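Working notes, structure below.
The values are calculated or read from the model by the stated rules, or taken from the named source; none is laboratory data. Here the structure is a predicted model, which is why all the values come from computation and not from measurement. Reconstructed Cβ throughout: ideal geometry from the backbone, glycine too, with neighbour counts over all protein chains shown.
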Amino acid sequence: MTDGYDDESYDATARIVDPGGDEEERRIEAALRPKKLADFPGQPRVRDQLGLVLEAARRRQKPPDHVLLSGPPGLGKTSLAMIIAAELEQPIRITSGPAIQHAGDLAAILSSLAEGEVLFLDEIHRMARPAEEMLYLAMEDFRVDVIVGKGPGATAIPLELPPFTVVGATTRAGLLPAPLRDRFGFTGHLDFYDPADLAQIVTRNAGLLGIETTPQGVDEIAGRSRGTPRIANRLLRRVRDYAQVHGAGVLDRGAARAALDLFDVDEQGLDRLDRAVLEALCRRFGGGPVGLSTLAVAVGEEPDTVETVSEPYLVREGYLVRTPRGRAASAAAWAHLGLTPPPDTTGMPQLPIDEGGGRFGD
Ligand SMILES: Nc1ncnc2c1ncn2[C@@H]1O[C@H](COP(=O)(O)OP(=O)(O)O)[C@@H](O)[C@H]1O
Ligand SMILES: [Mg+2]
C-alpha cells in the first residue's frame, strides 16, 4: 500500500454511490477540502477545542500537543489534519497505518522530520505493533532508537528528534492500545453533521463546482447524506449528472429526488447496506440480538465495514441498538421496513457506541 491521504483503498465509504472511486473523485475531494479552521462548517466543539490548542501553541511558539481525531469515515479527519498544518504554517507529512508495516518504515519517516512538522498518521489503529512502540517513544521523548546491524550483534543507537506534532486519525479509537492513546494530548471525536451544516457544505461545493442549485435541491441532498460530508459531495455530483442529462442543468428538488432514488438512497438517507443490515436483523434474526460477525456474513460484508460504516449511523438514528448479547433492531427499524415487530422489541438495554465526545486526554 502506498503513502498518502488520497489512497482510499481502505475507505469503506467509497462503495456509497460511487461507481468509479476514481482519480477524478480524489482530485475533486482535494479541491473541496476546506483550508482553514474558520472555513470548516460543523463540529463546533472539536473546532473550538482545536482552535484553542493551536492558538496556545502559536503563542508559545512551540509545536502543539499530539492530536487524535476519531470518528466514522468521511467526516473530515483528513481535512482537519491538513487544516492543522496550514494553521500552524508547517509542512505536513502524510502516511497511514497500513503503509507502516515495519518499525524501520516509521524510523525513516521520523528521522527525517523537521522541527515543528506535522506528521499525519491516517488509520493509525492499523499500524504494526513494533512501529507502534517506536511511536510511543518518539511522541513522548522525541527520540527514536535506530537499530544498526542484524541478529545478536545489532545495536540500538538513540537518535534525538526535533519536536514535531503527530496528528492521528482513526475510525476505531477503541482499538488503539491505551499507551498510544494516552500520548495524545487532545482527542477530538467527530460526530455526524446536522442537515443544516451539510446544506452549507453542499451549497459551498456546488458553487466551487459551478453547479446551479435551488435551496430545496440542496436540502434534499443534505437530508439524505447520512450526516457525512463525503457522501454529500458524492450525491451532489450524482444529482448534477442527473440534472444535466434529464433536466435543465439546475439541481432542484425534482432532480435530487429522482437521482437519489436511482442510486438507492432512501428518504431517510439509508443506503443499500444500511437497509440490508436492518432487513437481515428483522427478517432473518427476528430483530436480534445477533452477533456482529453473523450479521456481517448475512449481508455479505466485512464485520469491520458493518461496524465502522453502517452501524454508527443506524445507532445514532435509533434503528439499531447494541446490547450485551449483540445487535438488535429497534421499533423504528421495523417501522422503516414496513414490518410489524414482535411484541418484545421495546425496552432493550442500550450501550453507547462511541468513545465519548471531543475531550482533552490526560
Ligand atoms: N466540515 C467539512 N466541510 C466541508 N467539507 C468537508 C467537511 N468535512 C469533510 N468534508 C469533505 O468531505 C470529504 C471527506 O473528508 P475527509 O477529511 O477526507 O474525511 P475523513 O478523513 O474523516 O474520512 C472531503 O472531500 C472534504 O472536503
Ligand atoms: Mg481520511
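When the residues of the stretch 80-93 are filtered to those that are touching a helix residue (DSSP H, G or I) at 6+ places or on another chain (Cβ under 8 Å) and not hydrophobic (A, V, I, L, M, F, W, C), which remaining residue is farthest from ligand 1 (Cβ to nearest atom)? Among residues in the stretch 80-93 that are touching a helix residue (DSSP H, G or I) at 6+ places or on another chain (Cβ under 8 Å) and not hydrophobic (A, V, I, L, M, F, W, C), the one farthest from ligand 1 (Cβ to nearest atom) is 91.
Look at (1) in contact with a Pro (Cβ under 8 Å, 6 or more places away or on another chain); (2) over 16 Å from residue 238 (Cβ atoms); (3) surrounded by 18 or more Cβ atoms within 10 Å (Cβ to Cβ) and you find that residue 185 fails only one, number (3). When 170, 187 are checked against the criterion of being among the β-branched types (Val, Ile, Thr) and more than 16 Å from ligand 2 (Cβ to nearest atom), a single residue qualifies: 187. No other residue among 89, 23 is surrounded by fewer than 20 Cβ atoms within 10 Å (Cβ to Cβ) and not assigned by TED's automatic domain parsing to the domain that holds residue 183 apart from 23.
So is residue 47 without any contact (Cβ under 8 Å) to a residue 12 or more places away in the chain and more than 11 Å from ligand 1 (Cβ to nearest atom) or not? It is false that residue 47 is without any contact (Cβ under 8 Å) to a residue 12 or more places away in the chain and more than 11 Å from ligand 1 (Cβ to nearest atom). Taking the stated definitions as given, is residue 97 touching a residue at least 24 places away in the same chain (Cβ under 8 Å), touching a Ser or Thr at 6+ places or on another chain (Cβ under 9 Å) and at positive phi? In short, no.
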